[in-house]
Every structure is written in structure tokens, then in C-alpha cells.
Amino acid sequence: MARSVLCVLLLAVAFAQAKHEKYEGHQLYRVAGPRHEISALEAHLDIISATPAARSVTGNLEALVRLAPEEKQKWLQYFDTKQMTYTKVIDNLADILRNEEAMIKQRKYAAKRSGKSISWDTYYNSEEINNYIDQLGEEFPDKVTVINAALSYEGRQIKYVRISTSRFEDLRKPVIIIDAGVHAREWVTAPVALYIIHQLVVDVVDNNLTERLDWVIIPMANPDGYEYSITTDRMWRKTRSKSHEGSDECPGVDGNRNFDHYFGTSAASANPCAIIYEGPAPFSEPEIRVIRDVVLQNLDRAAMYISVHSFGNMFLYAWGNNGTLPSNGLSLHVAGVRMATAIDEMALEKADRYVVGNAANVLYYTTGTSRDWTRAVGIPLTYTLELPGYEYGFLVPPTYVEQIVTETWDGISAGAHYVLSLQ
Ligand SMILES: *[C@@H]1O[C@H](CO)[C@@H](O)[C@H](O)[C@H]1NC(C)=O
Ligand SMILES: *[C@@H]1O[C@H](CO)[C@@H](O)[C@H](O)[C@H]1NC(C)=O
């Protein structure tokens with residue numbers, strides 16, 4: 001008996017160790033170069049994120065890229081020929097992933113023992129996230145409605161919460177819509193969404209934010225990809241669908257290229273194996289249709305939409321497809337700056353200051369994004385929010401979760417006050 005338990009334990013440990021093996025010897029490089037060169041890499045390499053280069057005025061971008069041992073020589077030579085500069089920032093990705101997993105396990109265990117239903121210093125799986133919001137729905141029935149929106153491609157329940165002191169019936173109240181977890185590996189986005197719910201419902205620091213506004217929050221938009229990133233491949237970004245040609249080899253779609261806005265034009269990729277694969281058709285992904293439907297259902301009153309991503313310290317607004325500004329470009333910028341300033345005031349000293357700007361001007365062209373589609377269908381203030389990654393990128397250690405959720409809440413609250421100021 002004891003022996004078989006031990007066997008199972010050893011197997012579990014071996015399995016946990018094995019899953020990161022595919023990244024043994026993979027290295028992360030910070031690569032800087034001209035905008036068009038960096039953006040061209042995205043179709044071929046795992047670009048972990050791109051940001052304006054050292055906040056420089058040169059117009060260069062900086063990307064964090066992952067290089068497998070067998071492709072390293074080829075790419076470093078390529079960077080040299082293109083006059084791109086690079087430095088190695090992580091020597092063996094597998095080691096980092098093993099450490100991260102051990103730390104999360106330890107913290108989750110401690111959190112469970114403390115008896116709290118949620119703790120802001122670890123990460124939870126999609127079932128635990130769903131359980132937490134269900135629990136809030138039961139505890140605060142006059143404020144929180146949990147909606148079982150749809151099933152993911154693999155059959156997981158996608159839930160969202162509606163927060164309202166007036167049962168969503170006061171048609172004068174503006175609505176703020178927030179989603180998180182569209183990109184599976186950007187783990188810190190879900191706690192940010194959960195903390196916003198928590199501040200609105202449990203801590204209630206500011207009654208105005210619920211009495212004069214309604215909220216719709218989707219804390220885990222892509223549960224299939226997220227679970228896969230937990231159990232199998234920490235670097236997974238896309239959904240897990242297999243409804244496109246080539247999906248046996250390369251399943252999944254980049255949810256933030258799957259919206260019906262300039263879909264299928266050159267700035268995304270039609271190659272199913274690319275990390276920015278747009279999918280076989282606009283809204284091909286059930287997960288993305290949930291966001292579409294929530295937006296369309298609330299269009300009359302929706303004043304602000306924020307899609308939470310990790311990482312890069314940015315508020316990006318439309319139009320990403322061509323770099324021109326929507327007619328309300330000024331208020332998009334002002335609201336973005338309000339949020340960014342509130343966050344920067346609370347940020348860690350080592351964090352980069354937030355950049356606020358047009359997505360194509362700050363980074364590069366993108367198509368089929370939720371930010372552009374939501375602006376195009378009529379929500380006035382729509383953003384892609386890129387949270388801080390410090391030196392870790394989206395592998396932010398759980399010790400930073402509390403810092404990120406609290407500072408981001410200040411930003412969201414400033415954004416909500418901006419919406420109220422327009423009333
Ligand atoms: C809520 O709104 C009212 C009316 O605008 C204002 O007087 C009050 O200071 C606000 N409360 C907070 C906490 O911001
Ligand atoms: C840029 O794209 C937007 C839609 O995203 C469109 O409304 C606008 O006309 C385009 N501008 C130019 C100059 O092509």
C-alpha cells in the first residue's frame with residue numbers, strides 16, 4: 001500500500017519534471033532592431049513580447065524571443081546580418097519553468113491551509129477560477145450574476161460575471177467590459193480580472209463604481225489553452241481547437257487575431273503553425289464568440305472595453321491595422337493616460353513606466369484584434385492592456401501577483417472614473 005502510494009508520487013514527480021523537457025536548453029534573447037524586422041519575426045519565431053526598445057526615440061522595437069538549441073546559430077547569424085542587437089536573458093528555459101512550478105505548488109498548499117478562498121500570491125487553474133466566481137455569485141446574489149456563457153472547444157465551461165447594483169436594468173448606467181486569459185500563457189491576467197471583481201464586490205472601496213456603472217468581466221476566456229499551459233506546455237498561447245486545415249499538427253488559433261476586423265489581411269498569419277495564426281474564419285473560436293456576444297449584447301451601454309494581456313506595460317488603442325486614429329483618438333489617449341498614471345504611481349521602482357498609444361505606432365500592425373473590433377462596432381474606449389513582466393516576461397513569479405493586481409486595480413478604477421466624468 002505505502003509502496004504503491006510512493007510509486008504514484010514518484011510517477012507524478014517524474015511527469016511534472018518531464019513536461020518541461022521540451023524546453024531543455026532553450027534560451028531567451030532580447031533582440032532589438034527596426035520595427036519592420038522585429039514584426040517580421042513574429043510569423044517564424046516564438047516572440048514572447050515586443051515593446052518599444054528601451055523606451056528609445058529611435059523607433060526601434062525590442063522583442064523577447066525563444067530560441068531552441070538547434071535553431072540558435074541560424075537566428076543569431078540572421079540577427080547579425082540584419083544589424084539587430086541581442087543579449088541572452090535566460091540560459092535554460094526548462095530550469096525556469098521547473099522553479100516556477102515548484103513555487104506555485106508550495107504557495108497553493110500554503111493558501112489552502114490558510115483556509116482563504118483565494119489568495120493573491122499564487123495561480124489557480126480554470127476550475128478553481130470558476131469555483132471562486134460561483135462562490136461570489138452565491139455570497140452576493142444581489143450584486144453578482146454568474147453566467148455560463150458557452151463551452152470551450154474541448155468542452156470546458158466559460159463563465160463570466162455581471163456586476164450590478166441594479167440587476168442590469170438601469171439603462172442609464174455605462175457598462176465596462178473586461179476580459180482576461182485570451183492568451184493561455186499570460187497567467188497573471190486572470191488574477192487581475194478576479195481582483196477587479198473582488199474590489200467591486202467584496203472590498204467595495206468605492207460605491208460609485210458599482211452604483212453608477214455596470215460591469216461584465218470574463219476572467220478566463222480561453223480555459224483549454226490555459227489548462228494546456230498548466231499541464232503540458234507552459235509556453236502555449238492559442239486556443240486548442242482542431243477545426244482548421246493543418247490542425248492535427250498545429251492545433252489552436254490566436255484568439256486576439258480571430259475577431260472580424262480586417263481579418264485575414266497581411267498583419268496576422270494564415271499559417272496554422274504560427275503563434276499569430278488568425279484561424280480559418282473570423283470568430284471561428286467558441287471562446288472568441290463568447291467575447292463577441294457579450295460585447296454585442298451590451299453595445300448600447302458599453303463605454304469601455306479592456307482586454308488584459310501580459311506583458312509590456314502598455315495601453316494600446318486603435319487602429320492597429322493601419323496606424324491612423326479613430327475619431328475619438330484624443331479621449332482614447334486621455335483615458336489611457338489616466339489609467340497608466342494611476343498604475344505608475346504604485347509601480348515597483350524597477351518596472352518600466354507605462355506607454356500609452358496607438359497600437360501600430362507603438363508596436364506594429366495587427367489585424368483581427370479585440371481592441372480594434374470593439375472600437376469598430378461602437379465601444380468608445382477600447383484597449384489592449386499589457387501588464388508588467390519585469391525581468392520575467394509572462395513567467396511572472398507568483399510573488400508579484402499581489403503587486404500587479406493592486407496597481408492594475410488603481411488603473412482600472414481611474415478608467416472607470418474617467419467614464420463617470422463623461423456622464
Ligand atoms: C461618488 O460620487 C459623488 C457624486 O459625484 C461624489 O460626491 C463622491 O465623492 C464620490 N465618492 C467617491 C468615493 O469617489
Ligand atoms: C484605417 O483603418 C480604419 C479601421 O480600422 C478605417 O476606418 C480607416 O479608414 C483606415 N484609414 C486609412 C487611412 O486607411
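The values are calculated or read from the model by the stated rules, or taken from the named source; none is laboratory data. Since this is a predicted model, take the numbers as computed values, not measurements. Please note: Cβ atoms are built from the backbone with ideal geometry, for glycine as well, and neighbour counts cover all protein chains shown. The area values use the complete protein model at the heavy-atom level, side chains included, leaving out ligands, DNA and RNA. Shrake-Rupley method; radii C 1.70, N 1.55, O 1.52, S 1.80 Å.
To the nearest 20 debye, what is the magnitude of the charge dipole of region 25-91 about its Cα centre, counting +1 on the Cβ of each Lys and Arg and -1 on the Cβ of each Asp and Glu?
I would put it at about 180 debye.
For the chain, what does the relative contact order come out to in percent, with C-alpha contacts under 8 Å and a separation of six or more?
It rounds to 16 percent for the chain.
Mind ranking 330-338, 91-99 by how tightly packed they are, going by the mean number of other C-beta atoms within 10 angstrom, highest first?
Going from most to least packed, we get 330-338, 91-99.
Please compute the net charge surrounding ALA18, taking Lys and Arg as +1 and Asp and Glu as -1 over other residues with Cβ under 14 Å from its Cβ.
So the surrounding residues net to 0.
Pull up all non-local amide H partners of ALA221: gap of 5 or more, or a different chain, and H-to-H distance under 5 Å with H placed in the peptide plane.
ALA180, GLY181, VAL182
Can you check what the Kirkwood hydrodynamic radius comes to for the chain, Cα pairs only, in Å to one decimal?
Computed over the chain, the radius equals 21.9 Å.
Past the 24 Å Cα-Cα mark, which pairs from LYS19/LYS105; LYS19/LYS116; LYS88/LYS242; LYS19/LYS350; LYS159/LYS350; LYS19/LYS82?
LYS19/LYS116; LYS88/LYS242; LYS19/LYS350; LYS159/LYS350; LYS19/LYS82, as the Cα separations exceed 24 Å there.
Would you report the distance distribution of C-alpha pairs in region 87-139 as whole percents per 5 angstrom bin, up to the bin with the largest distance?
Calculated P(r), rounded to whole percents: 4, 16, 21, 19, 14, 9, 8, 5, 3, 1, 0.
Once you place label points 7 Å from the Cα toward the Cβ at GLU211 and ASP134, how far apart are they in nm?
Those two pseudo-labels are separated by 3.4 nm.
Quick one: which residues, 5 or more positions from ALA302 or on another chain, have an amide H under 5 Å from its amide H? H modelled 1.01 Å from N in the peptide plane, none for Pro or chain starts.
VAL175
For the chain, what is the accessible area per residue in Å², given a 1.4 Å probe and the full set of protein chains?
Spelled out: the 1.4 Å probe surface of the chain, per residue, equals 41 Å².
In cubic angstrom, how much convex hull volume per residue do the alpha carbon atoms of region 25-91 span?
Expressed per residue, the convex hull around the Cα atoms of region 25-91 is 72 Å³.
Mind ranking ASP260, ASP206 by accessible surface for me, highest first, 1.4 Å probe?
ASP260, ASP206
Can you give the relative contact order of region 25-91 as a percent, counting alpha carbon pairs under 8 Å and 6+ residues apart?
49
Can you sort CYS273, CYS250 by 1.4 Å-probe accessible area, starting with the largest?
CYS273, CYS250
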